[in-house]
Amino acid sequence: MLTPEALSATMPRLLSRAFLEGLVAGNISPEAASGMVDSALAKLRGAWGAAVLWPGEEKDLRVVKLPAGVTSVLVERGPNPKNENSAVWVTYQVGPDDLRRNALAGLLVQLAKRDAFNTLRTQQQLGYIVHMYGSADLGVQGISFIIQSDKYSAAHLALQVELFVRDTVKRMANLPEAEFAAGVAELAKAKLEKPKRLSELAGRWWGEIYAGTCVFDRQSAEVEVLRGLKPADLAAFSAEVLGVEQGLRRKAAVLIRGSSELQQQQPQPLDGLAAAAGAVAAGA
């Protein structure tokens, strides 16, 4: 049975070593902010004798580097047997935090996301949820798609994403300069828009701290790089990250099979379906 005494006895062991990471934002002086952190550390040390972490105990957040030239596929049945929807999440890994590659990835999404919605949602009517976006996991950038459908299989959704991506690579190779310039201007305007709330700015800064990137002027720095890009830069980047010819792209796809899809066909071993889906998604 858990008692207050048992909890009090556990605290010194739980906090015998501690790491404190903080952010203070708002109308406060640097001295006052530093004093708040010092006060918190003093309380940890005074109450429970907290000491600094050993080097091996420090946080080590990692993101898996996807293999180049192949598609990594995970296929699962939907967790709710009553849910008819199948879904797919597809990502093309760009790589670790880099201002130039970040700017290129953002511009590519800016120029392609309307076409993605128009092609996959409006024309093909794959499903109600169709989303292309720039993703970031601990500073590792990516270009990702999410589609949910109650009419089509997850493998079909993955195939349509791949076909759209291949068309996008071709379009970026022949993009008119006027359209390129308009995309740069739109993205720069969006990035330089002032935060409307302090919480938004603090959340942006905390994301930098948590990921370990600490580029607190990221928006202005990326826009500066963005404005120096050329159409040829975007074409080469698209061919590398999204194209199959160079064998450099790093792609992963997660396929969730809903009850509607499972009932319409004979059950298949998941490993066999994963192999088939991988071949389809890779364009084999």
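Annotations
- Of all the residues in region 170-198, those that are surrounded by fewer than 11 Cβ atoms within 10 Å (Cβ to Cβ) and assigned to a helix (DSSP H, G or I) number 3.
- Some residue of region 76-83 being assigned to a strand (DSSP E or B), open to solvent by 90 Å² or more (accessible area, probe 1.4 Å) and modelled with pLDDT under 95: yes
- Restricting attention to region 225-253, the residues that are among the β-branched types (Val, Ile, Thr) and at pLDDT below 95 add up to 1.
- Close pairs from region 7-27: first aromatic (Phe, Trp, Tyr), partner open to solvent by less than 70 Å² (accessible area, probe 1.4 Å), Cβ under 7 Å, at least 6 apart: 19/53
- Single unsatisfied condition, residue 93 versus (1) in contact (Cβ under 8 Å) with a residue 40 or more places away in the chain; (2) not in a strand (DSSP E or B): (2)
- Test result for residue 215, touching an Asp or Glu at 6+ places or on another chain (Cβ under 7 Å) and either open to solvent by less than 30 Å² (accessible area, probe 1.4 Å) or of a type outside the set (Lys, Arg) (or both): yes
- Residues satisfying the criterion are absent from region 241-260 (criterion: under 22 Å from the mean Cα position of the chain (by Cα) and among the hydroxyl-bearing types (Ser, Thr, Tyr)).
- Among the residues making up region 55-75, those that are surrounded by 12 or more Cβ atoms within 10 Å (Cβ to Cβ) and outside any loop (DSSP other than H, G, I, E, B) are 71, 72, 73, 74, 75.
- Any hit, region 25-43, residues being touching a Lys or Arg at 6+ places or on another chain (Cβ under 9 Å) and under 18 Å from residue 13 (Cα atoms): no
- Qualifying positions in region 227-256 - over 18 Å from residue 139 (Cα atoms), open to solvent by less than 70 Å² (accessible area, probe 1.4 Å), assigned to a helix (DSSP H, G or I) and not hydroxyl-bearing (Ser, Thr, Tyr): 231, 233, 234, 235, 236, 237, 239, 240
- Residue check, residue 141 in contact with a strand residue (DSSP E or B) (Cβ under 7 Å, 6 or more places away or on another chain) and either charged (D, E, K, R) or open to solvent by 60 Å² or more (accessible area, probe 1.4 Å) (or both): no
Yes/no per residue for (1) in a loop (DSSP other than H, G, I, E, B); (2) exposed (fewer than 10 other Cβ atoms within 10 Å of the Cβ); (3) among the aromatic types (Phe, Trp, Tyr); (4) at pLDDT below 85:
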{"residue": "21", "(1), (2), (3), (4)": "yes, yes, no, no"}
{"residue": "27", "(1), (2), (3), (4)": "yes, yes, no, no"}
{"residue": "31", "(1), (2), (3), (4)": "no, yes, no, no"}
{"residue": "34", "(1), (2), (3), (4)": "no, no, no, no"}
{"residue": "40", "(1), (2), (3), (4)": "no, no, no, no"}
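The values are calculated or read from the model by the stated rules, or taken from the named source; none is laboratory data. Note that the structure is predicted; figures quoted are calculated from it, not measured. Backbone-built Cβ (ideal geometry, glycine too); neighbour counts: all protein chains shown. In case anyone asks, the SASA skips ligands and DNA or RNA and just uses the protein heavy atoms, side chains included. Shrake-Rupley method; radii C 1.70, N 1.55, O 1.52, S 1.80 Å.
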